[in-house]
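**Q** Below is the structure I would like to discuss, written out as structure tokens.
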Amino acid sequence: MTSWMVVTSADNYQRTIDLGFVKQGFKSRQRRRVMENMKPGDNLLYYVTAVQVFAATATITSEGFEEHELIWLSKPGEDYPWRVEVKADRVPAEEDWIPTHMHGPGLEYMQKWPAKHWKLAFQGNLHQIPDADFATIRQALAGTKQIKIPANPAKKAKTAVKKSAPEKQAAPVVKTVAAKKAVKKPAAKRS
């Protein structure tokens, strides 16, 4: 068993929920990790970027596969083609997401970076993390109120995005409260 951390936007995390938390896509450059290293039974931790929180845990339930249905969004031309099926484990309500500053600095994985730059650990889409770190965050999420995952993932409807033209990519259609909670830095004072 291996533990992984997916770094995702609030919109893309919501798309995973709207799919019924049955699969997760990864960026094009993650082919080897997904296709050769991920296995059924592996752990998956979700980190949401703009609000800097650990949002959920899941278990990988399939081998990696390639699929190009446009679900998750980032830059034009990126369709997150390397995918695995997942089963939700801990999926708390948004108000119970765990801010990274509460546990992040103490995690073993973060020790790869200088103490003042530990947040560099969240650069990139997919990271293999120590099982102990996964267990720490999973335990922190254990006492939280869990959300109800949509029962019929076949309906995907609201957040699946259709490609209208090869050169165009649809804008995200999901806006979460978490995205609105993103901390804004005050403007510098002029003298």
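**Q** Report, ordered by chain and residue number, the aspartates and glutamates lying within cross-link reach of Lys148, taken as a straight Cα distance under 17 Å and ignoring same-chain residues fewer than 8 apart.
**A** Of all the aspartates and glutamates, those that pass the test against Lys148 - Cα under 17 Å, at least 8 places apart if same chain - are Asp18, Asp89, Glu94, Glu95, Asp96.
**Q** Can you tell me how much longer the chain between Ile149 and Glu95 gets when fully stretched, taken as 0.36 nm per residue apart minus their C-alpha distance, in nm with one decimal? Don't skip to the answer; put the middle values down first.
**A** Working: separation 54, 0.36 × 54 = 19.44 nm, distance 1.61 nm.
So the chain would gain 17.8 nm between Ile149 and Glu95.
**Q** Starting from the Cα of Glu85, step 7 Å along the direction of its Cβ; do the same at His68; then give the gap between the two resulting points in nm.
**A** Here the answer is 2.3 nm between the modelled labels.
**Q** Turning to a different aspect of this structure: Pull out the extension gain between Glu78 and Met1, defined as 0.36 nm times the separation in residues minus the alpha carbon to alpha carbon distance; nm, one decimal.
**A** Residue separation times 0.36 nm, minus the Cα-Cα distance, leaves 24.9 nm.
**Q** Could you list Lys23, Lys87 in order of exposure, starting from the residue whose Cβ has the fewest other Cβ atoms within 10 Å?
**A** Lys87, Lys23
**Q** Take the Cβ-Cβ distance between Met102 and Thr61 as r, set R0 to 45 Å, and report the resulting FRET efficiency rounded to the nearest 0.05. Please list the in-between numbers first.
**A** Numbers: r = 29 Å, r/R0 = 0.64.
So, using R0 = 45 Å, E works out to roughly 0.95.
**Q** Now, a different point. What pairs in Lys23/Lys145; Lys23/Lys75; Lys23/Lys119; Lys75/Lys119 have C-alpha atoms more than 24 Å from each other? Numbers along the way, then the final one.
**A** Details: Lys23/Lys145 22 Å; Lys23/Lys75 20 Å; Lys23/Lys119 27 Å; Lys75/Lys119 22 Å.
Violating the 24 Å limit, Cα to Cα: Lys23/Lys119.
**Q** Determine which aspartates and glutamates satisfy two conditions relative to Lys27: a Cα distance under 17 Å, and not lying fewer than 8 residues away in the same chain.
**A** In chain and number order, the partners are Asp11, Glu36, Glu63, Glu66, Glu67, Glu69, Glu78, Asp79, Glu85.
**Q** Further, regarding this structure: Can you give the extra length, in nm with one decimal, that the chain gains between Lys119 and Met35 once fully stretched, where that is 0.36 nm per residue apart less the Cα-Cα distance?
**A** Working: separation 84, 0.36 × 84 = 30.24 nm, distance 2.71 nm.
Gain on extension, Lys119 to Met35, equals 27.5 nm.
Taken together, the values in this text are just the output of simple stated rules run on the coordinates, not laboratory data. Everything numeric here is computed off the predicted structure, so don't read it as measured data. Cβ: placed from backbone, ideal geometry, glycine included. Neighbour counts: every protein chain shown.
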